[in-house]
Structures are given as structure tokens and as C-alpha cells.
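Structure, as C-alpha cells:
Read-outs: derived from the displayed coordinates by stated rules, not from any lab. Since the model is a prediction, treat every value here as computed from it, not as a measurement. All Cβ positions, glycine included, derive from the backbone under ideal geometry; neighbour counts span all protein chains shown.
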Amino acid sequence: MSSLTDKIESDISPLVGDYGCNVVRVAIFGQGRGKTLQVMLEKKDGEPVTIEDCEQVSRGLSIFFDVNEPMTGHYNLEVSSTGIDRPLTKQKDYERFCGNYVVVKTYVSKNNRKNFKGLLESVMESGIKIRLDDSLTVDEPITLLYEEISSAHLDGFRKK
């Protein structure tokens with residue numbers, strides 16, 4: 001595993017699956033007593049995640065984490081749905097949502113910018129191609145490599 005969040009995701013995925021959900025993302029925010037361990041879910045059947053789903057998974061994870069401490073020190077557990085701006089964290093996410101509108105931020109500047117918004121046109125082994133919305137670009141889609149992407153999510157207010 002490449003990081004603590006990857007290890008936590010691997011450890012909890014079977015348990016979350018028992019509740020009919022998949023882990024979309026595990027993230028750690030904050031520091032000290034304000035640290036939050038966020039587990040973002042989606043339902044396996046494609047239905048919306050309910051508050052009851054989050055409560056059940058949260059109770060199950062709390063018991064699991066009491067026995068298998070995910071990290072040292074105090075933290076708050078937050079279990080949530082993806083919402084309309086579902087994050088894209090894995091290649092399979094990009095493949096699943098190809099043809100949808102996305103918002104992508106990069107670590108490095110590409111064409112003098114780090115923020116991109118447009119249609120996820122294609123997915124490759126090494127990255128993605130986005131046809132950008134704005135008029136400052138040419139007709140060609142821009143290619144972003146996975147290692148250049150700091151964050152990406154669906155543009156929840158725009159559907160394909």
C-alpha cells in the first residue's frame with residue numbers, strides 16, 4: 001500500500017461491502033484533536049446513499065476501528081455519500097464516468113493553468129482527455145496524466 005489512506009481503504013472495503021456499499025475515497029483532514037477520518041460511500045446498486053446507510057456503516061466502522069486502530073491519536077470518523085460532485089479517484093472512476101462533465105485540478109501548470117472544466121472525452125492507461133468548456137482553448141482536448149492530477153470530481157450541475 002502506498003499510503004495510510006490506501007491501507008485503511010483496503011482494510012475496510014470488505015466490511016463496507018457487507019452493507020451494500022463501496023468505498024469511493026478515504027481521506028484524512030486536519031490535525032490534532034481536529035483530525036477527521038472521512039470515508040465516502042456509494043451504493044453497489046447505484047441507488048443514492050441514505051442517512052441510514054451512513055449511520056449503519058459508521059457504527060460498523062466504529063466497532064472495527066475500536067479493535068483495529070486506523071491511526072494514532074484522537075480523530076473523528078465521518079461517513080458520507082459522494083454527493084453530486086462525486087470525486088474521481090481511480091482509473092475505473094474515470095472510465096465509468098467518461099462522457100460526463102468534470103472539474104480537474106493539477107499539481108503542475110498545463111497551458112498556463114491548473115484548473116480544468118469540461119467533458120471527460122476519453123480515458124487512457126496513462127491519463128485522461130478533456131474537451132474544455134472555455135473559449136480560450138483550441139478544438140483539441142487537453143491530455144492530463146494521472147500523476148499530474150491533484151483532484152477531480154464530477155461537475156454535479158452538468159449532466160451529459
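Which entry in (1) 1.01; (2) 0.94; (3) 1.15 is this structure's computed Cα Rg over 2.2 N^0.38 Å? Only one listed value fits the structure, namely (3).
Judged by the gyration tensor of its Cα atoms, with axes a ≥ b ≥ c, the stretch 91-154 is oblate; a/c meets the 1.5 cut and b/c is at least as large as a/b.
Fewest-first ordering of Phe157, Phe64, Phe97 by other beta carbons within 10 Å of each residue's beta carbon gives Phe157, Phe64, Phe97. Using a Gaussian network model of the chain in which every pair of alpha carbons under 10 angstrom is joined by a spring, one finds that among Val67, Val104, Val79 the greatest mean-square fluctuation is at Val67. Excluding same-chain neighbours fewer than eight residues apart, the lysines reachable from Lys129 by a Cα-Cα span under 20 Å are Lys90, Lys92, Lys105, Lys110, Lys114, Lys117, Lys159, Lys160. Looking at the chain as a GNM with Cα springs under 10 Å, which of Asp85, Asp53, Asp133 has the largest mean-square fluctuation? Top of the fluctuation ranking is Asp133.
Would you work out if the stretch 4-81 is rounded, prolate or oblate? Take a ≥ b ≥ c from the square roots of the eigenvalues of the alpha-carbon gyration tensor; rounded if a/c is under 1.5, else prolate when a/b is larger than b/c, oblate otherwise. In terms of gyration-tensor shape, prolate. Where both bridge residues fall in the chain, DSSP classifies roughly 85% of the beta bridges as antiparallel. For Arg25, the residues whose modelled amide H falls within less than 5 Å of its own, excluding neighbours fewer than 5 places apart on the same chain, are Met40.
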